[in-house]
Ligand code: ZN
């Protein structure tokens, strides 16, 4: 067996275990009975330990080193080896004892967050958050970094992206979107009261399945189930599952979370099976993953063309609630822009303020400019500054996201990056796909999916995020595409001058 074949065999073994863990996690969020929790946690820990041993073993390291100097490998093989090597070198920087301490602290931090959420009291979370921040600083120091300490953590989620680039990007975002949001605030607010009526759960469910089918989600390689928070998980490109939740008192929640997760799932289903376990079989980054989900959720799923096709069947599904609402009014309600407290409920425009607030606070925490106990104050002040709203309670404010309790520092900017990439990609799609709008109006999304398959999905990690943007659109990530998209769309909806 050649060294590369041996590497593939090792990678398959590691991935088999990691996907088995993913399956156990999926089950835990969907069907596992409550009593199953303790042993399930133990089973996941055991498997994680085995995967960790395999992926940090001396044999594996030697194999990677041998292959790193092998010039007879194909271009793709070399790329796989190079990416695996850099992952390995990075993981090696964290001492084993640190990984264990972090894991224990994460569990304590998460439980403190749950408790604080129950009592709606940030002070119950402060101490564990402070410890978590110390550990994140320690982690950044093990990794090493140039420039801002935040760069070390950001790299885990959006490789190669830096604070220097993000600061420039977010300066533009803040200035331009504040201006746009202010103009919208002056305009007449569309009616959206009809979105809050009784909408039968089973009917919503059926409608969501129909949309997933229409956008090209392959049910022979996936399924949809219910969970507390919607998510997508993959066990291979041939088994990619989505979950959603149904709220019977409003129409906003399920439909667009369905489409959002559908976008993530299409990416996973489109990764090349023959690269199973290898970087060329994996998604590029969280930002690129979000570009897929956000493209489907917003650019497509909140467009007039999309609803020109789907609205009649939605009206047939809920005749009593929607019979007197025409497409134009529905379209406006679906794209209502208004400042809000909760990130996950935010519209396409003000969403990015929520992200910038978290980004600024994280940077200050890691740089030691503010302490954990000052986070609530900083949060509330930022909501006043960015969105001009008062935060009435900790649950609607600083306690709303789970990310920090899981140690997810450096994660939030990827959501905004996703939206910006999506707009840039769509700009190119309009040029490349004939009858881009007309096909959407006819409910045909196959050309869009084929385009994404060809340009994004099939390449796995062959490109970095910025390389992908350049390869497809001729330039690196550029916020102006999102800005132009937003200005055009919302000027029309709100009749802005
Ligand atoms: Zn997402």
Over the stretch 219-278, equivalent-ellipsoid semi-axes from the Cα gyration tensor in Å: 25, 10, 8
Would you mind calculating the gained length between residue 250 and residue 71 on full extension (0.36 nm times residue separation, minus the Cα-Cα distance), in nm to one decimal? 58.6 nm
Length released on extending from residue 444 to residue 316, taking residue separation times 0.36 nm less the Cα-Cα span: 44.1 nm
Residue exposure sequence - 337, 246 - by fewest surrounding Cβ within 10 Å: 246, 337
Pairwise FRET efficiency - residue 238 versus residue 484, Cβ, R0 = 41 Å, nearest 0.05: 0.60
Using only Cα atoms, locate the centre of the stretch 393-457 and the centre of the stretch 284-321, then give the distance between them in Å, rounded to an integer. 11 Å
Taking the highest mean first, how do the peptides 466-473, 115-122 order by number of other beta carbon atoms within 10 angstrom per residue? 466-473, 115-122
Could you work out how far helix 58-68 tilts from the main Cα principal axis of the chain, as a 0 to 90 degree angle to the nearest 10? 80 degrees
Mean projected area (nm²) from the convex hull of Cα positions in the chain is 23.8 nm²
Which shape class applies to the stretch 435-497: rounded if a/c is under 1.5, otherwise prolate when a/b exceeds b/c and oblate if not, where a ≥ b ≥ c are the square roots of the Cα gyration tensor eigenvalues? oblate
In Å and on Cα atoms, what radius of gyration and Dmax does the stretch 333-420 show? 12.8, 43
In nm, to one decimal, how far is the modelled label at residue 327 from the one at residue 134, with both set 7 Å along Cα→Cβ? 6.1 nm
Listed with the fewest Cβ neighbours within 10 Å leading, 236, 313, 291 appear as 313, 236, 291
Taking Cα atoms, how many degrees apart are the long axis of helix 446-455 and the longest axis of the chain, rounded to 10 and kept between 0 and 90? 30 degrees
With axes computed from alpha carbons, what is the tilt in degrees of helix 37-56 against the longest principal axis of the chain, rounded to the nearest 10 within 0 to 90? 60 degrees
Kindly provide the helix-only [θ] at 222 nm of the chain, computed as the sum of -39,500 (n - 2.57) over DSSP H runs of four or more divided by all residues, to the nearest 500 deg cm²/dmol? -20500 deg cm²/dmol
Column: log10 I(q)/I(0), Debye, Cα scatterers of the stretch 355-497, q = 0.12, 0.13, 0.16 Å⁻¹: -0.73, -0.82, -1.02
Between residue 470 and residue 37, what's the calculated FRET efficiency when r is the beta-carbon distance and R0 is 35 Å? Round to 0.05. 0.15
Which shape class, rounded, prolate or oblate, goes with the stretch 235-316 when its Cα gyration tensor gives a ≥ b ≥ c as root eigenvalues, a/c under 1.5 marks rounded, and past that a/b bigger than b/c marks prolate? prolate
What value in Å³ per residue do you get for the convex hull of the alpha-carbon atoms in the stretch 29-108? 128 Å³
Per principal axis, descending, Cα span of the stretch 160-314 in whole Å: 54, 48, 29
Histogram of C-alpha separations across the stretch 102-170, 5 Å bin width, %: 3, 17, 19, 16, 15, 15, 12, 3, 0
Of every Cα-Cα pair in the stretch 1-54, the percent that sits beyond 13 Å: 62 percent
State whether the stretch 283-438 is rounded, prolate or oblate according to the following rule on the C-alpha gyration tensor (a ≥ b ≥ c being the square roots of its eigenvalues): a/c under 1.5 gives rounded; otherwise a/b larger than b/c gives prolate, and the remaining case gives oblate. oblate
Using Cβ counts within 10 Å as a stand-in for footprinting exposure, how do 403, 289 rank, fewest first? 403, 289
Each label sits 7 Å from Cα toward the beta-carbon; between residue 61 and residue 491 the label points are separated, in nm, by 5.9 nm
Taking R0 as 45 Å and r as the Cβ-Cβ distance between residue 142 and residue 433, the FRET efficiency 1/(1 + (r/R0)^6), rounded to the nearest 0.05, comes to 0.45
Distance between the C-alpha centers of the stretch 219-273 and the stretch 27-50? Whole Å please. 21 Å
With only alpha-carbon pairs counted, each pair once and no self-pairs, how large is the Kirkwood hydrodynamic radius of the stretch 66-134 in angstroms? 15.2 Å
Let me have the relative contact order for the stretch 360-472, percent, based on Cα pairs under 8 Å that are six or more residues apart. 16 percent
Compactness check, the stretch 1-154: C-alpha Rg relative to the 2.2 N^0.38 Å globular estimate gives 1.29
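All of the numbers you see were taken from the coordinates with simple rules; none came from a lab. Computed from a predicted model, the values in this text were never measured in an experiment. Cβ coordinates were reconstructed from backbone atoms using ideal geometry, including for glycine residues, and neighbour counts include every protein chain displayed.
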